[in-house]
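Okay, here's the structure, questions in a sec.
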Amino acid sequence: MRILFITHSFNGLTQRLYCELVTRGHEISIEFDIADAVSEEAVALFRPDLIIAPFLKRAIPESIWSRYCCLIVHPGPVGDRGPSALDWAIQGGAREWGVTVLQAEAEMDAGPVWASATFPMRPARKASIYRNEVTEAAVQAVLAAVNRNKEPNFEPERVAGQAHALMQQADRAIDWQSETSAAILARLNAADGFPGVADELFGQPCHLFDAWPEASLKGEPGSLLGRRETAICRATADGSVWIGHVKPAGGIKLPTSLAFTEAAELPELPLDGGYWKSPIPTWQDIAYEEAEWNGNSVGFLSFEFYNGAMSTGQCRRLTEAFQWATTRPTRVIVLRGGSDFWSNGIHLNTIEASESPADESWANINAIDDLAEAILRCETQLTVAAVGGNAGAGGCFLARAADFVWARDGVMLNPHYKNMGNLYGSEFWTYLLPPRVGDEGAKAIMRHRLPMTAPEAVKLGFYDACLPGPGFAVDVARRAAELAAAPDFPEKLAAKQAKRHADEAAKPLAAYRAEELTEMRRNFYGFDPSYHVARYHFVSRSAHSWTPRHLARHRDLDWKVLA
Ligand code: COA
C-alpha cells in the first residue's frame, strides 16, 4: 500500500512503524504536521491508499479525513480520549494501559476503532513507557489495522469514550512537605521527558526531570540534602528523591548541577562501593556487577545517562570505570548502556550551554573517542555491547568498538551523523564500519540518514546478533557466560589481540582518529555554521518548518513520474 504518515516529528515510535511497514513492502512517505495546506499538498502529491498519524499534537483537517481513511495512533486504551493519556495513567497509578488505532473524525480521538493492544504498566517515566510498551503495542495495533484496511467487509467499531483534559501544571504540583517519595516519583515520572513538573530550586523557577528513588537518605521535607555528580537529593515527607535534570525558566534541559551552580555548595553524598552496583535504590549512573559461571566471570557495566547523551564528564567517568573493569578477574565485559538508550553520542545540551560550544564539542568528541579507544585497545577481556535501548549517531559506532554487538529486537538505530548539521562523525567509524559492510555500504549507511532496525543492522553485517525483546537481559547474560566458558576462549582472546596488532601496524588508530577529527574540527570551528544551527534547533526543540526531503518522498522530483 501507499501510506502517508502525517506526524509531528519522526520520533522513535514513528521510526519504528516506518521500518515495520517498509519491511512488509509498503511504500511510505512522511509529511510533518506543519500547516493544513502543507498536509493537503502532500496528500495531493502522494495520493495515498491510507494515511497514518503516529504522533500528532493537533487534529487532521476535515479536508483530508473526509476524503481519505486517516488512522490515528492514540496512546491510551479503547475509550480513552484526550491529549494527556499517559500522564493521567502514570500519575493515577493505572495497572494496565494500551494503544488504540482509531479513525480521524471531527471530534478528537472519538472516531471508530480499527485495532488496539494493551500492556501491563510498570513504574517508569512517561517517555520510557512510550518508547517501550506504547511503541510495541502501536506496532501490533497498526499492523492489524493496515491488514483490516485491505478487508472489504471490515467495519471499525464505534465505542463510547471518556475524554480527559490536558493535564495542567496545577495537576502536577508537588507538595514536598506532605507527599511521600512514591507519590512524588509518580508525579515526576508522569511528566518526563515533557513537560516536567514546574517547581523551584535555589529560589528559582524551573521544571524538574529525571527523578531517581533513594532508599536511605532523610531530612527536613523539601530541603536539599546534598549532591552526587550532576544530581541533587531532595527530602520528601518520608524519605527523599534525586533530581537529575532541570529546565530553568527560559533555558534548555540540563543536568541539575550545571543548571544551578549553587548545587556545588551542597554537601557531597558519595556512593559507598565505588562503581559496584548499589544494593539499595539510589542515584547511580555508572554501575558494575559481576556474575560467575563455573569459575568464569563476566562483568556488566551499565551507564544510565539521561536520554543517552554522553557529556565530556560522563565519557571520562565511564572510561575510568571501563578501565577499572578491565583490571577485574573477568573474561568478558558486557557494556549494557542504559535501559532506554544505549547511547546517543555527545551531549548536545551541555555543549549548547557551555561558554564556547565549539570548544566543548571538541572536548566532548575527544572524550568519547578516548572511551571508544579504551574499548578497542582492551586486550584482557572480550567485550560485548548489549544494545537493549535505542542508539543514535556516535552511540551506534561506540557500540561497534566492542568485539561483539548484540542488539534487542525492537531497538531503533540511527547510525549516521548528517542529520546534525552535516557532522562528519568520529568514534572510529572510518575504522569500524568499512570492514563490516564494505566501503560502499559504509557510504550508503552514512548517506541514508534513515533509521535501521536491529535485524537490518545484523543483515548488513554492522551488528552481530539480534536477540528477542522479552528476556533480552537474561539472553545476553547466558551468551556472555557461554563466551567466557568456551574451551577456545584463550584462542579467541589471542586472535583478537593479534588482529588489533595487525590493524595497528597497517594503520594506527591514531591516524583514523586524526583524520576524523580534522573533519570534525571543520564542523566545529569552520566557516559553515550548519552544526551549530542544527544543534541549537535540536536542543531548543524548535518546531519543524519543513519536512526533510529524505522523508518526504512525495516531494522527490521524479515521484510524479513514478506515480
Ligand atoms: N544530546 C542531548 N540530548 C539528546 C541527544 C544528544 N546527543 N540525543 C537525544 N537527546 C534527547 C532529545 O533532546 C530528547 O530530549 P527531551 O527529553 O527533551 O525530549 C530525548 O533525548 C529523546 O530524543 P528524541 O530525538 O525525541 O528521540 P527519538 O527517538 O525521536 O530520536 C535520535 C532519536 C537519536 C535520532 C535523535 O535523538 C537524535 O538525532 N539525537 C542526536 C544524535 C546526535 O546527533 N548526536 C551527536 C553526534 S554524535
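For region 428-458, enumerate the residues that are touching a strand residue (DSSP E or B) at 6+ places or on another chain (Cβ under 9 Å) and within 16 Å of the ligand (Cβ to nearest atom). Lay out the reasoning, then the answer.
Just the residues of region 428-458 that are touching a strand residue (DSSP E or B) at 6+ places or on another chain (Cβ under 9 Å), to begin with: 445, 449-458.
Matches in region 428-458: I445, R449, L450, P451, M452, T453, A454, E456, A457.
When you go through (1) within 16 Å of the ligand (Cβ to nearest atom); (2) more than 28 Å from Q381 (Cα to Cα); (3) touching a residue at least 60 places away in the same chain (Cβ under 8 Å) one by one for E262, which number turns out not to apply?
(1)
Which condition breaks for P548 when tested against (1) more than 24 Å from the chain's Cα centre (by Cα); (2) touching a residue at least 60 places away in the same chain (Cβ under 8 Å)?
Only one criterion is unmet by P548, namely (1).
Working only within region 202-235, note down all residues that are in contact (Cβ under 8 Å) with a residue 40 or more places away in the chain, in a loop (DSSP other than H, G, I, E, B) and under 24 Å from K277 (Cα atoms).
A215, S216, L217, E229, T230
Is it the case that region 398-407 has a residue that's in contact with a Gly (Cβ under 9 Å, 6 or more places away or on another chain) and on the phi > 0 side of the Ramachandran plot?
no
Here is a follow-up. When you go through P279, P248, P270, P255 one by one, which is the residue that is farther than 28 Å from W88 by Cβ and within 15 Å of the ligand (Cβ to nearest atom)?
It is P255.
Here is a further query. Restricting the search to region 181-207, which residues are touching a helix residue (DSSP H, G or I) at 6+ places or on another chain (Cβ under 6 Å) and either small (G, A, S) or within 16 Å of the ligand (Cβ to nearest atom) (or both)?
Answer for region 181-207, where residues must be touching a helix residue (DSSP H, G or I) at 6+ places or on another chain (Cβ under 6 Å) and either small (G, A, S) or within 16 Å of the ligand (Cβ to nearest atom) (or both): A186, N189, A190, A191, D192, G193, V197, A198.
Please verify whether region 399-416 includes one or more residues that are part of a strand (DSSP E or B), touching a residue at least 40 places away in the same chain (Cβ under 8 Å), of a type in the set (F, W, Y) and within 14 Å of the ligand (Cβ to nearest atom).
Checking region 399-416: not a single residue is part of a strand (DSSP E or B), touching a residue at least 40 places away in the same chain (Cβ under 8 Å), of a type in the set (F, W, Y) and within 14 Å of the ligand (Cβ to nearest atom).
Still on this structure, I have one more. Find the residue count for region 168-183, including only residues that are in contact (Cβ under 8 Å) with a residue 24 or more places away in the chain and either assigned to a loop (DSSP other than H, G, I, E, B) or surrounded by 19 or more Cβ atoms within 10 Å (Cβ to Cβ) (or both).
Number of matching residues: 9.
Something else: Can you name the residue in region 313-361 that is aromatic (F, W, Y) and within 15 Å of the ligand (Cβ to nearest atom) and, of all such residues, is farthest from the chain's Cα centre (by Cα)?
Selected residue: W342.
Let me ask you something else. How about region 1-91: which helices (runs of 4 or more DSSP H) wholly inside it have at least 1 residues that are out of contact with any Pro (no Cβ under 6 Å at 6 or more places or on another chain) and within 16 Å of the ligand (Cβ to nearest atom)?
Here the list reads 12-23, 85-91.
Out of all the residues in region 97-106, is one or more outside the structural domain of A186 (by TED's automatic domain parsing) and either under 27 Å from I243 (Cα atoms) or assigned to a helix (DSSP H, G or I) (or both)?
Yes: region 97-106 contains one or more residues that are outside the structural domain of A186 (by TED's automatic domain parsing) and either under 27 Å from I243 (Cα atoms) or assigned to a helix (DSSP H, G or I) (or both).
Could you check how many residues of region 417-450 are under 18 Å from the mean Cα position of the chain (by Cα) and surrounded by 22 or more Cβ atoms within 10 Å (Cβ to Cβ)?
1
Residues in region 278-296: is at least one at pLDDT below 95, in a loop (DSSP other than H, G, I, E, B) and out of contact with any strand residue (DSSP E or B) (no Cβ under 6 Å at 6 or more places or on another chain)?
Scanning region 278-296 turns up at least one residue that is at pLDDT below 95, in a loop (DSSP other than H, G, I, E, B) and out of contact with any strand residue (DSSP E or B) (no Cβ under 6 Å at 6 or more places or on another chain).
Here's another thing I want to ask about it. Of A59, A89, which residue is in contact with a Phe, Trp or Tyr (Cβ under 8 Å, 6 or more places away or on another chain), among the small types (G, A, S) and not assigned by TED's automatic domain parsing to the domain that holds D192?
From the options A59, A89, the qualifying one is A89.
OK, next. Of A127, A165, A186, which residue is assigned to a loop (DSSP other than H, G, I, E, B) and among the small types (G, A, S)?
None of the other options fit; the residue is A165.
How about region 376-401: which of its residues are among the aliphatic types (A, V, I, L, M) and buried (at least 24 other Cβ atoms within 10 Å of the Cβ)?
V384, A385, A386, V387, A391, A393, L398, A399, A401 - these are the residues of region 376-401 that are among the aliphatic types (A, V, I, L, M) and buried (at least 24 other Cβ atoms within 10 Å of the Cβ).
Can you tell me which residues in region 40-58 are closer than 10 Å to L4 by Cα and not aromatic (F, W, Y)?
So in region 40-58, the residues closer than 10 Å to L4 by Cα come out as 42-43, 46-53.
Selection gives A42, V43, R47, P48, D49, L50, I51, I52, A53.
Does K507 satisfy being in the same structural domain as A353 (by TED's automatic domain parsing), of a type in the set (K, R), away from the ligand (no atom under 15 Å from the Cβ) and surrounded by 14 or more Cβ atoms within 10 Å (Cβ to Cβ)?
no
Check off (1) over 30 Å from P470 (Cβ atoms); (2) more than 16 Å from the ligand (Cβ to nearest atom); (3) outside any loop (DSSP other than H, G, I, E, B) for A386 and give me the number that stays unchecked.
Checking A386 against (1) over 30 Å from P470 (Cβ atoms); (2) more than 16 Å from the ligand (Cβ to nearest atom); (3) outside any loop (DSSP other than H, G, I, E, B), the one that fails is (1).
Name the pairs whose Cβ atoms lie under 8 Å apart, with the first residue in region 430-450 and not assigned by TED's automatic domain parsing to the domain that holds E373, the second of a type in the set (G, A, S), and 6 or more positions between them or separate chains?
Nothing qualifies.
The values are calculated or read from the model by the stated rules, or taken from the named source; none is laboratory data. Source: prediction; values computed, not measured. Reconstructed Cβ throughout: ideal geometry from the backbone, glycine too, with neighbour counts over all protein chains shown.
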